[in-house]
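I have placed the structure first, in the form of C-alpha coordinates, so that the comments after it can refer back to it.
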Amino acid sequence: MMIVVDIVLLTLVVATGYAVTRLQSLFSAAMMSSIYSLLMAAVWYNMHAMDVAFTEAAVGAGITTALLIATIVYTGRDEKPRTGVHLPALVVCVALGGLLVYGVPDMPAFGDPNAPIHAHVAPEYIDQSVRSGKTHGDMKRYVPNKVTAVLASYRGYDTMFEAAVIFTAGIALILLRGRPRQRGRFYRGRV
(Lines give C-alpha, C1' and ligand atoms only; values in the text may rest on other atoms or scores of the structure.)
Protein backbone atom coordinates (compact mmCIF):
# COMPACT_ATOMS: atom_id res chain seq x y z
CA MET A 1 0.00 0.00 0.00
CA MET A 2 2.86 2.41 0.77
CA ILE A 3 4.22 2.07 -2.76
CA VAL A 4 0.85 3.22 -4.13
CA VAL A 5 0.96 6.28 -1.87
CA ASP A 6 4.53 6.98 -3.00
CA ILE A 7 3.57 6.71 -6.68
CA VAL A 8 0.53 8.97 -6.25
CA LEU A 9 2.56 11.59 -4.34
CA LEU A 10 5.38 11.50 -6.89
CA THR A 11 2.91 11.89 -9.75
CA LEU A 12 1.23 14.86 -8.06
CA VAL A 13 4.59 16.50 -7.27
CA VAL A 14 5.79 16.15 -10.89
CA ALA A 15 2.48 17.41 -12.30
CA THR A 16 2.44 20.38 -9.93
CA GLY A 17 6.07 21.23 -10.67
CA TYR A 18 5.35 21.16 -14.40
CA ALA A 19 2.26 23.33 -13.92
CA VAL A 20 4.31 25.95 -12.04
CA THR A 21 6.65 26.31 -15.02
CA ARG A 22 3.85 26.62 -17.58
CA LEU A 23 1.54 29.17 -15.91
CA GLN A 24 1.54 32.76 -17.20
CA SER A 25 -0.22 34.19 -14.14
CA LEU A 26 2.31 34.78 -11.37
CA PHE A 27 -0.43 34.55 -8.73
CA SER A 28 -1.45 31.12 -10.03
CA ALA A 29 2.20 30.06 -10.11
CA ALA A 30 2.62 31.18 -6.49
CA MET A 31 -0.45 29.16 -5.46
CA MET A 32 0.78 26.09 -7.35
CA SER A 33 4.18 26.53 -5.71
CA SER A 34 2.44 26.47 -2.34
CA ILE A 35 0.62 23.27 -3.32
CA TYR A 36 3.96 21.83 -4.43
CA SER A 37 5.41 22.59 -0.99
CA LEU A 38 2.47 20.96 0.77
CA LEU A 39 2.85 17.86 -1.42
CA MET A 40 6.56 17.75 -0.59
CA ALA A 41 5.66 18.00 3.09
CA ALA A 42 3.44 14.94 2.58
CA VAL A 43 6.36 13.15 0.88
CA TRP A 44 8.65 13.91 3.82
CA TYR A 45 5.94 12.81 6.26
CA ASN A 46 5.55 9.57 4.31
CA MET A 47 9.31 9.04 4.65
CA HIS A 48 9.00 9.55 8.45
CA ALA A 49 11.04 12.76 8.37
CA MET A 50 8.68 14.76 10.55
CA ASP A 51 11.05 17.67 11.21
CA VAL A 52 11.68 18.18 7.49
CA ALA A 53 7.95 17.86 6.73
CA PHE A 54 7.12 20.49 9.34
CA THR A 55 9.80 22.85 8.03
CA GLU A 56 8.63 22.37 4.43
CA ALA A 57 5.03 23.10 5.38
CA ALA A 58 5.91 26.16 7.49
CA VAL A 59 8.56 27.71 5.28
CA GLY A 60 7.66 26.41 1.82
CA ALA A 61 3.88 26.65 1.96
CA GLY A 62 3.62 29.32 4.64
CA ILE A 63 6.09 32.17 4.66
CA THR A 64 7.32 31.69 1.09
CA THR A 65 3.79 31.91 -0.28
CA ALA A 66 3.15 35.06 1.76
CA LEU A 67 6.37 36.63 0.45
CA LEU A 68 5.56 35.67 -3.16
CA ILE A 69 2.06 37.13 -2.95
CA ALA A 70 3.36 40.31 -1.34
CA THR A 71 5.94 40.60 -4.13
CA ILE A 72 3.26 40.11 -6.79
CA VAL A 73 1.30 43.00 -5.26
CA TYR A 74 4.22 45.32 -6.01
CA THR A 75 5.47 43.89 -9.30
CA GLY A 76 2.38 42.85 -11.24
CA ARG A 77 0.25 39.77 -11.62
CA ASP A 78 1.23 38.54 -15.08
CA GLU A 79 4.48 37.33 -16.53
CA LYS A 80 6.08 39.26 -19.38
CA PRO A 81 5.55 37.59 -22.76
CA ARG A 82 8.28 35.13 -23.63
CA THR A 83 10.35 35.95 -26.69
CA GLY A 84 12.32 32.71 -26.85
CA VAL A 85 14.79 30.61 -24.93
CA HIS A 86 17.11 32.50 -22.59
CA LEU A 87 20.41 31.03 -23.81
CA PRO A 88 22.63 31.87 -20.78
CA ALA A 89 20.10 30.29 -18.41
CA LEU A 90 19.89 27.20 -20.60
CA VAL A 91 23.70 26.86 -20.69
CA VAL A 92 23.95 27.20 -16.89
CA CYS A 93 21.18 24.63 -16.31
CA VAL A 94 22.68 22.12 -18.74
CA ALA A 95 26.18 22.59 -17.29
CA LEU A 96 24.94 22.18 -13.71
CA GLY A 97 22.87 19.14 -14.66
CA GLY A 98 25.92 17.64 -16.40
CA LEU A 99 28.05 18.17 -13.29
CA LEU A 100 25.43 16.49 -11.11
CA VAL A 101 25.17 13.52 -13.47
CA TYR A 102 28.97 13.33 -13.61
CA GLY A 103 29.12 13.11 -9.80
CA VAL A 104 26.48 10.40 -9.38
CA PRO A 105 28.81 7.40 -9.95
CA ASP A 106 31.06 8.61 -7.11
CA MET A 107 28.24 8.48 -4.59
CA PRO A 108 28.17 5.53 -2.19
CA ALA A 109 25.45 2.94 -2.60
CA PHE A 110 22.23 3.58 -0.70
CA GLY A 111 22.53 2.09 2.80
CA ASP A 112 26.25 1.28 2.43
CA PRO A 113 27.65 0.92 5.98
CA ASN A 114 31.11 1.97 4.73
CA ALA A 115 29.84 5.28 3.31
CA PRO A 116 31.67 8.38 4.59
CA ILE A 117 28.58 9.52 6.52
CA HIS A 118 28.68 6.29 8.55
CA ALA A 119 32.46 6.07 8.83
CA HIS A 120 33.25 9.66 9.78
CA VAL A 121 30.24 11.84 10.59
CA ALA A 122 27.99 9.48 12.58
CA PRO A 123 30.73 8.40 15.05
CA GLU A 124 31.56 12.06 15.67
CA TYR A 125 27.90 12.83 16.42
CA ILE A 126 27.77 9.86 18.78
CA ASP A 127 31.02 10.78 20.53
CA GLN A 128 30.08 14.41 20.95
CA SER A 129 26.53 13.87 22.14
CA VAL A 130 26.30 14.36 25.86
CA ARG A 131 24.80 11.68 28.07
CA SER A 132 22.71 12.63 31.06
CA GLY A 133 24.94 14.11 33.74
CA LYS A 134 28.18 13.91 31.75
CA THR A 135 30.47 16.90 32.23
CA HIS A 136 31.46 18.61 29.00
CA GLY A 137 34.22 21.14 29.56
CA ASP A 138 33.31 23.37 32.47
CA MET A 139 29.56 22.90 32.23
CA LYS A 140 27.17 20.07 32.82
CA ARG A 141 24.49 19.47 30.17
CA TYR A 142 21.58 17.09 30.26
CA VAL A 143 20.51 15.68 26.90
CA PRO A 144 18.00 12.83 26.98
CA ASN A 145 19.21 11.08 23.79
CA LYS A 146 21.47 11.36 20.77
CA VAL A 147 18.72 12.50 18.40
CA THR A 148 17.96 15.46 20.66
CA ALA A 149 21.66 16.28 20.87
CA VAL A 150 21.98 16.36 17.08
CA LEU A 151 18.78 18.36 16.57
CA ALA A 152 19.63 20.85 19.31
CA SER A 153 23.23 21.48 18.35
CA TYR A 154 24.12 20.57 14.78
CA ARG A 155 20.72 21.38 13.24
CA GLY A 156 20.88 24.77 14.95
CA TYR A 157 23.21 25.97 12.19
CA ASP A 158 20.71 24.84 9.56
CA THR A 159 17.91 26.72 11.31
CA MET A 160 20.09 29.83 11.62
CA PHE A 161 20.73 29.91 7.86
CA GLU A 162 17.05 29.23 7.10
CA ALA A 163 16.22 32.28 9.20
CA ALA A 164 18.83 34.27 7.26
CA VAL A 165 17.18 33.27 3.96
CA ILE A 166 13.74 34.35 5.22
CA PHE A 167 15.23 37.64 6.48
CA THR A 168 16.88 38.26 3.11
CA ALA A 169 13.59 37.57 1.29
CA GLY A 170 11.80 40.02 3.59
CA ILE A 171 14.41 42.72 2.95
CA ALA A 172 14.11 42.11 -0.80
CA LEU A 173 10.34 42.60 -0.53
CA ILE A 174 10.82 45.86 1.33
CA LEU A 175 13.24 47.05 -1.37
CA LEU A 176 10.70 46.15 -4.07
CA ARG A 177 8.22 48.54 -2.52
CA GLY A 178 10.24 51.45 -3.84
CA ARG A 179 11.05 54.81 -2.40
CA PRO A 180 8.44 56.78 -0.44
CA ARG A 181 6.84 59.72 -2.22
CA GLN A 182 6.57 63.12 -0.59
CA ARG A 183 3.01 62.43 0.55
CA GLY A 184 4.06 59.24 2.32
CA ARG A 185 2.75 56.77 -0.28
CA PHE A 186 4.93 54.16 -1.90
CA TYR A 187 5.59 53.79 -5.61
CA ARG A 188 3.58 50.87 -7.02
CA GLY A 189 5.01 50.78 -10.50
CA ARG A 190 5.82 47.68 -12.48
CA VAL A 191 9.33 46.29 -12.33
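The values are calculated or read from the model by the stated rules, or taken from the named source; none is laboratory data. The structure displayed is predicted, hence computed values, not measured ones. Cβ: placed from backbone, ideal geometry, glycine included. Neighbour counts: every protein chain shown.
Remarks
- Test: Arg141 is at pLDDT below 90, surrounded by 10 or more Cβ atoms within 10 Å (Cβ to Cβ) and over 24 Å from the mean Cα position of the chain (by Cα): yes
- So Tyr125, is it of a type in the set (Phe, Trp, Tyr) and either modelled with pLDDT of 85 or more or outside any helix (DSSP H, G or I) (or both): no
- Phe110 surrounded by fewer than 12 Cβ atoms within 10 Å (Cβ to Cβ), modelled with pLDDT of 75 or more, among the aromatic types (Phe, Trp, Tyr) and part of a loop (DSSP other than H, G, I, E, B): yes
- Number of residues in segment 1-53 that are polar (S, T, N, Q), in contact (Cβ under 8 Å) with a residue 40 or more places away in the chain and under 23 Å from Arg82 (Cα atoms): the value is 2.
- Here Gly103 meets each of (1) farther than 24 Å from Gly60 by Cα; (2) under 27 Å from the mean Cα position of the chain (by Cα); (3) at pLDDT below 75 with one exception, condition (3).
- The set of residues from segment 69-81 being under 11 Å from Ser28 (Cα atoms) and of a type outside the set (Asp, Glu) comprises Ile69, Ile72, Arg77.
- Long-range neighbours under 7 Å by Cβ, at least six apart or interchain, first residue within 11 Å of Leu176 (Cα to Cα) within segment 65-85, second of a type in the set (A, V, I, L, M, F, W, C) and outside any helix (DSSP H, G or I): Thr75/Val191
- Hits in segment 69-85 - residues which are surrounded by 10 or more Cβ atoms within 10 Å (Cβ to Cβ) and either outside the structural domain of Phe27 (by TED's automatic domain parsing) or over 18 Å from Leu23 (Cβ atoms) (or both): Ala70, Tyr74
- Every residue from segment 1-31 that is assigned to a loop (DSSP other than H, G, I, E, B) and of a type outside the set (A, V, I, L, M): Gln24
- Considering (1) over 15 Å from the mean Cα position of the chain (by Cα); (2) surrounded by 13 or more Cβ atoms within 10 Å (Cβ to Cβ); (3) among the aromatic types (Phe, Trp, Tyr), the lone condition that Tyr36 does not fulfil carries the number (1).
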